[in-house]
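I have placed the structure first, in the form of structure tokens, so that the comments after it can refer back to it.
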Amino acid sequence: MIYLDNSATTQIYPEVKDAMLPYLMEEFGNPSSKYYSKAENAKRAVEEARASLASLLGCNSSEIVFTSGSTESNNMIIKGVADYYQNQGNHIITTKVEHPSVLETCRYLEEKGFSITYLDVDQYGRIDLEDFQNSIKDTTILVSIIWGNNELGSLNDMESISNVCLDKNIFLHTDATQVVGKIEFDMSAFPGITFLSCSAHKFHGPKGIGATFIREDKYGILTKFTPLLHGGGQEHGVRSGTLAVHNIVGMGKAADIVTLNLGKNIVKLKELELYLCTILNDKFGNQIKFNNDKENKIPGILSVLFKGVNNELLLKTLAPMVAASTGSACSSTKPSHVLEGIGLTLDEIRSTVRFSISALNGKEDLDIFRDL
Ligand code: PMP
């Protein structure tokens, strides 16, 4: 079976598993404990992993807070900023094509009296910069815009969005779950990004672990917000709870591997994507249409409309040979709001399949489509 659902989750690298195992067994200490070696070893391992992730993102280690994943990071920042700064305004800007962990959090806040602008997107799922600028009000306290879309792969112009937010002095959060480990960037080039969410299982790390980048000022003070989890004060008091050392170590190892191979992986993924497009075009001709843009996207994500074919039936038929999905695994029971957002009809949405390739795939995997 060929696995082409890497935007849903990825297989962990064997080296990641090997790095994690000691922290599940003999090195089981609590990094918040002191003096004895099991505690000190756990603490050291956590700080090494933090440095690895910081190096992948191009930020300071002190700007990384570990969470259980992007769902938590997105909730933590959006609810936390809304609560902390509610006296300064009640307006939040986001987009119609965010992940549910952003959209549902915004809907929750709307019920609590916040005013939310859900920006429209173009045919590939990107926001319009002018639209965005026009939506900013005196009461805007937060902007939350997805960097790379999980169903279409399209990248927003984060540099311009970051510059607008910097200029207007508004906090910017970006859900970077699909871009971390897939595109090259350095946080120092995006001074307007205040917060960023990411998740290890999207780049061959373990599930249940992620991080939030929280920008610190020139004095090393992290941007303030109300914590989601109150308790023992771990992670600068921002995210309480005993650290999941084995998972953090796994995320750090995955970050190391990805940092080392990113350039090479991007070249390979672009090649594999083109290869799959060519096979599908040869095989299906005008019976298919690509919903995604060809450029300015996360390499390896394809959204393919099989005209007149029910996507669930197609996926079921393919399942013994190919693992793919209709779109986001997190909202698979409802028609995709992302595809609705780019203007597809319900019929078109129900005929769309997402293939998401990993650099662990090879051309020989994709050849399976020639024989279908
Ligand atoms: N945001 C995006 C864009 C995602 O693709 C996902 C995972 N599907 C999430 C957030 C949630 O991540 P996690 O499952 O790690 O909480």
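The values are calculated or read from the model by the stated rules, or taken from the named source; none is laboratory data. All of these numbers come straight from a predicted model, not from anything done at the bench. Quick reminder, even Gly has a Cβ in these numbers, built from the backbone with ideal geometry, and neighbours come from all protein chains shown. Side chains included, ligands, DNA and RNA excluded: accessible areas come from the protein's heavy atoms. Shrake-Rupley method; radii C 1.70, N 1.55, O 1.52, S 1.80 Å.
Assorted remarks:
- Sites residue 283 and residue 229, calculated FRET efficiency, Cβ-Cβ separation with R0 41 Å, nearest 0.05: 0.25
- Of the DSSP H helices in the chain, those that are both long (alpha-carbon extent of 24 Å or more along the helix axis) and hydrophobic (Kyte-Doolittle mean at least -0.5) are 37-57, 245-284.
- Coordinate range along principal axes, alpha carbons of region 35-116, Å, largest first: 50, 26, 20
- Around the amide H of residue 144, modelled in the peptide plane, lie the amide H atoms of 93, 94, 173, all under 5 Å away and 5 or more residues distant in sequence or on another chain.
- When the trypsin sites (Lys or Arg not before Pro) in region 257-302 are filtered for DSSP coil states and for at most 13 other beta-carbon atoms within 10 Å of their beta-carbon, the remaining sites are 294.
- Dipole magnitude for the chain: about 560 debye, using +1 per Lys or Arg Cβ and -1 per Asp or Glu Cβ, origin at the Cα centre.
- Considering only 250, 89, 205, the Gaussian network model of the chain with Cα springs below 10 Å gives its largest mean-square fluctuation to 89.
- Fraction of the pair-distance distribution of region 14-256 above 32 Å, Cα-Cα pairs, percent: 19
- Accessible area per residue (1.4 Å probe, heavy atoms of protein chains only) ranks 71, 9 as 71, 9, with the largest value leading.
- The local environment of residue 206, defined by Cβ-Cβ distances under 10 Å, has a net charge of +3 under the rule Lys, Arg +1 and Asp, Glu -1.
- Overall form of region 65-157 per C-alpha gyration tensor (a/c, 1.5; a/b vs b/c): oblate
- Longest DSSP-loop-exposure-free segment, chymotrypsin sites (Phe, Trp or Tyr not before Pro), the chain, at most 15 other Cβ within 10 Å: 37-218
- In the chain, the DSSP-assigned H stretches of four residues or longer account for a calculated mean residue ellipticity at 222 nm of -11500 deg cm²/dmol, using -39500 (n - 2.57) per stretch and the full residue count as denominator.
- Ordered by 1.4 Å accessible area with all protein chains kept, 365, 167, 157 run largest first as 167, 157, 365.
- Cα shape, region 127-286, gyration tensor, a/c 1.5 rule: oblate
- Using the Cβ of residue 35 as centre and a radius below 14 Å, the other residues enclosed give a net charge of +3, where K and R count +1 and D and E count -1.
- Radius 11 Å from Cβ of residue 82, net charge of other residues (Lys, Arg +1; Asp, Glu -1): 0
- Percent carbon-and-sulfur accessible area, the chain, ignoring ligands, DNA and RNA, probe 1.4 Å: 50
- The residues of region 275-345 expose on average 49 square angstrom of accessible surface per residue, using a 1.4 Å probe on protein heavy atoms.
- Note that region 42-177 presents 38 Å² accessible area per residue, ligands and nucleic acids not counted, probe 1.4 Å.
- Convex hull volume per residue, computed on the Cα atoms of region 159-235, equals 115 Å³.
- Antiparallel DSSP beta bridges within the chain, as percent of all bridges there, nearest 5: 55
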